[in-house]
Amino acid sequence: MIRRIIFILILALVLTACGAPATVQAPATHAPAATETPATEAPAATEAPATEPPAFQPLETQAAEPLVPEPALQTDIPLPTLDLPTEAVNAPAQMVWDGVPTYLGESTPGFSFRVTYDSDLWALTNDQFGFPALAHRQVPACVISVTSGRGLPGNMNVEHDVLYVGNIRFDVGKVYENGDLKFVTYTGGDGTVITGFQVSFEKLVDECLLDAETVLSTLGSVPVSQATPQP
């Protein structure tokens, strides 16, 4: 009986020593500490590197402005003074100027125009373009030259008229520039030749035109073989 009790005690001790293994708890997992986002400092404002001034700087810098062409100014350019031949001693009172008609297609071939002029008032010379012309001896810049139809600038306009002198009919064109009379053209003929003349002037317009029309009223035609040579 005693042995049985001892055996039970020993067995109880053994069982107690060899009891169920203690439950192993999993290591506590702590939530990772909240990681703060490292503060990102704004990069320091970087100044543009200083640029050295150019080697040359204008004293005054002006804003560039668009180029606008200025309107062309209408300026009267005086014509060169014509060289007048010295009046011949004992020259005939009336002399003739013969020339080629400026409207050959409307003129009879083989004929020249002829006008008669007072040698005390007019001199036969060459105009600024080298063509024969009559220049007034007493009215400066009063010149009769040959001409034909041509265009005119936009600032000029023409007033047309008709002048009858004997059997000659002239188509008269008074040319104005900005309201000022600049010159007058006379186109006409005797039925054999048709030619044009231009009367230019600067001052004493009425005197110039009166003497010029006196000359043009003598317009006629002559065969080329009888024409007076031009200067």
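The values are calculated or read from the model by the stated rules, or taken from the named source; none is laboratory data. Keep in mind it's a predicted model, so treat the numbers as computed, not measured. Backbone-built Cβ (ideal geometry, glycine too); neighbour counts: all protein chains shown. Ligands, DNA and RNA are stripped out before the accessible areas are found, and what is left, the full protein with its side chains, is counted by its heavy atoms. Shrake-Rupley method; radii C 1.70, N 1.55, O 1.52, S 1.80 Å.
Restricting attention to the range 93-109, the residues that are of a type in the set (A, V, I, L, M) and either buried (at least 19 other Cβ atoms within 10 Å of the Cβ) or within 11 Å of Thr192 (Cα to Cα) (or both) add up to 1. In the range 144-162, the residue that is nearest to the chain's Cα centre (by Cα) out of those that are under 23 Å from Phe131 (Cβ atoms) and outside any loop (DSSP other than H, G, I, E, B) is Met156. Pairing residues of the range 166-177 that are more than 23 Å from Gly220 (Cα to Cα) and in contact (Cβ under 8 Å) with a residue 24 or more places away in the chain with residues that are part of a strand (DSSP E or B) and of a type outside the set (Asp, Glu), at Cβ distances under 9 Å and at least 6 apart in sequence or on separate chains, gives Glu177/Met156; Glu177/Asn157. The condition of being part of a loop (DSSP other than H, G, I, E, B), more than 16 Å from Gly99 (Cβ to Cβ), among the acidic types (Asp, Glu) and touching a residue at least 40 places away in the same chain (Cβ under 8 Å) holds for only one of Glu202, Glu213, Glu207, that being Glu202. Filtering the range 186-209 for residues that are open to solvent by less than 70 Å² (accessible area, probe 1.4 Å), modelled with pLDDT of 95 or more and among the acidic types (Asp, Glu) leaves an empty set. Would you check if Leu209 is closer than 21 Å to Met95 by Cα and among the aliphatic types (A, V, I, L, M)? Spelling it out, Leu209 is indeed closer than 21 Å to Met95 by Cα and among the aliphatic types (A, V, I, L, M). Of the residues making up the range 101-119, just one is in a helix (DSSP H, G or I) and touching a residue at least 24 places away in the same chain (Cβ under 8 Å), namely Glu106.
Within the range 119-129, is there a residue that is modelled with pLDDT of 95 or more, crowded, with 20+ Cβ neighbours inside 10 Å and in contact with a Gly (Cβ under 9 Å, 6 or more places away or on another chain)? No: the range 119-129 contains no residue that is modelled with pLDDT of 95 or more, crowded, with 20+ Cβ neighbours inside 10 Å and in contact with a Gly (Cβ under 9 Å, 6 or more places away or on another chain). Within the range 166-183, the set of residues being surrounded by 13 or more Cβ atoms within 10 Å (Cβ to Cβ) and more than 23 Å from Gly105 (Cα to Cα) comprises Lys174, Val175, Tyr176, Glu177, Leu181, Lys182, Phe183.
Candidates in the range 153-165 are the residues that are in contact (Cβ under 8 Å) with a residue 40 or more places away in the chain and not β-branched (Val, Ile, Thr); of these, the one that is surrounded by the most Cβ atoms within 10 Å (Cβ to Cβ) is Leu163. For the range 171-186, the count of residues that are polar (S, T, N, Q) and outside any loop (DSSP other than H, G, I, E, B) is nonzero.
Residues in the range 130-144 that are at pLDDT 95 or above and closer than 14 Å to Lys182 by Cβ: Cys142, Val143.
Any residue at all in the range 143-152 that is on the phi < 0 side of the Ramachandran plot, exposed (fewer than 15 other Cβ atoms within 10 Å of the Cβ), among the hydrophobic types (A, V, I, L, M, F, W, C) and touching a residue at least 12 places away in the same chain (Cβ under 8 Å)? Yes: one or more hits.
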